[in-house]
1. Is segment 165-175 home to any residue that is modelled with pLDDT under 80 and more than 23 Å from residue 102 (Cα to Cα)?
2. Is one or more of the residues making up segment 71-87 closer than 15 Å to residue 167 by Cα, open to solvent by less than 50 Å² (accessible area, probe 1.4 Å), modelled with pLDDT of 85 or more and touching a Lys or Arg at 6+ places or on another chain (Cβ under 8 Å)?
3. So in segment 53-92, with the set limited to residues that are of a type in the set (Gly, Ala, Ser) and over 22 Å from residue 21 (Cα atoms), which one is nearest to the chain's Cα centre (by Cα)?
4. Looking at the structure I just gave you, is residue 140 within 19 Å of the chain's Cα centre (by Cα) and either modelled with pLDDT of 90 or more or open to solvent by 70 Å² or more (accessible area, probe 1.4 Å) (or both)?
5. Consider residue 17 carefully, then state whether it is touching a residue at least 24 places away in the same chain (Cβ under 8 Å) and in contact with a Lys or Arg (Cβ under 8 Å, 6 or more places away or on another chain).
6. Name the single residue, out of those in segment 14-63 being among the small types (Gly, Ala, Ser), assigned to a loop (DSSP other than H, G, I, E, B) and open to solvent by 50 Å² or more (accessible area, probe 1.4 Å), that is farthest from residue 85 (Cα to Cα).
7. Quick check on this structure: which one of 154, 133, 160, 118 is at pLDDT 90 or above, closer than 23 Å to residue 73 by Cα and either in contact with a strand residue (DSSP E or B) (Cβ under 9 Å, 6 or more places away or on another chain) or open to solvent by 20 Å² or more (accessible area, probe 1.4 Å) (or both)?
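The values are calculated or read from the model by the stated rules, or taken from the named source; none is laboratory data. Remember, predicted model here, so these are calculated numbers, not experimental data. When we count neighbours, we look across all protein chains shown, and the Cβ atoms used for this are built from the backbone with ideal geometry, even at glycine. Remember, those area values only see protein heavy atoms, side chains included, never the ligands or the DNA or RNA. Shrake-Rupley method; radii C 1.70, N 1.55, O 1.52, S 1.80 Å.
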Amino acid sequence: YSTERVIRGELPLGYGFGSSSVLALLHLRDQVPSAVALGLAEECDAKIHGFTPSGLDTASCLHQRSGFYNSGRWIDWEPPSLKYSLIIFLRLGDGSLAEIERRVTSRQAELAELSSALGQGIRRCGEVCYRSLLAYSEVLIKAGVYSARVQGALEWLVGLGVVAKGIGGLYDKAVIIIWQPQMDTTLLEMLRARFGPLTILATSMLGEVRA
C-alpha cells in the first residue's frame, strides 16, 4: 500500500484521541474497501500500542457520527447532553502502555460489570448514569494506571464526586472530566494550583446526564 501522502490536520498526535487510527484510515481510504481498511488500521494500532485495542477508535473514525460502541458493535446514537472538559498533563513517569493494559485487565470483571450497566441504560432509555461513570473512574484509580501526579489529581476530583478518567496518550496524558450541570468548572483552576502545570484543551456543553 502507498504510504506517501501529505496529511494536515489539528488533531493532537499521541494524546489518546485516536490519531493513529485516523492516520491509518486516511492513508488507506481509497486503496482498499472500508472493511479491509478497518482491519489493517486495527493491526497498525496493535503494533503501535503493544496490545490489541478495543476497536472503538477505528469504528468511530469510519462512522464519522455519534454512536455507542460495545463488544465490537457500533450503534448510531445521539448522546445525551453533557458538559465535559479535556485537559492535558505533562507526561511524568507513566508506565508502558502494555503495563497499563495489564493493570486494567486485572480489574476487568469490575469494569465489565459497570460497562454492561452503562450499556443497558443507553440501549433501554438513551441515558448515561453518572454514578456508574464515577464508579468506573474509581476502579481505574484503584488499578494504579496513572502516574503519581495524575493519580493524585484524579483522586481529588473523584473524591469531590466529579467523573474524571484518562483517555490515553503515548506522550502527555489526556484526561476527560464530565460535569453535572450544577458543578462549578472553576475547580479546574484549583486543580492546576494543586497539581501543577496542565493544559485545558476544551470545555464544551453537550447538556446533562442522569444522576
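1. No: zero hits.
2. Within segment 71-87, not a single residue is closer than 15 Å to residue 167 by Cα, open to solvent by less than 50 Å² (accessible area, probe 1.4 Å), modelled with pLDDT of 85 or more and touching a Lys or Arg at 6+ places or on another chain (Cβ under 8 Å).
3. At the first step, the residues of segment 53-92 found to be of a type in the set (Gly, Ala, Ser) are 54-55, 59-60, 66-67, 71-72, 81, 85.
Checking which are over 22 Å from residue 21 (Cα atoms) leaves us with 81, 85.
On the way: 81: 18, 85: 12 Å.
The residue in question is 85.
4. yes
5. Numbers: touching a residue at least 24 places away in the same chain (Cβ under 8 Å): yes; in contact with a Lys or Arg (Cβ under 8 Å, 6 or more places away or on another chain): no.
Taking the combined requirement at face value, the residue does not satisfy it.
6. My answer is 50.
7. Working: 154 fails: closer than 23 Å to residue 73 by Cα; 160 fails: closer than 23 Å to residue 73 by Cα; 118 fails: at pLDDT 90 or above.
Selected residue: 133, the only one of 154, 133, 160, 118 that is at pLDDT 90 or above, closer than 23 Å to residue 73 by Cα and either in contact with a strand residue (DSSP E or B) (Cβ under 9 Å, 6 or more places away or on another chain) or open to solvent by 20 Å² or more (accessible area, probe 1.4 Å) (or both).
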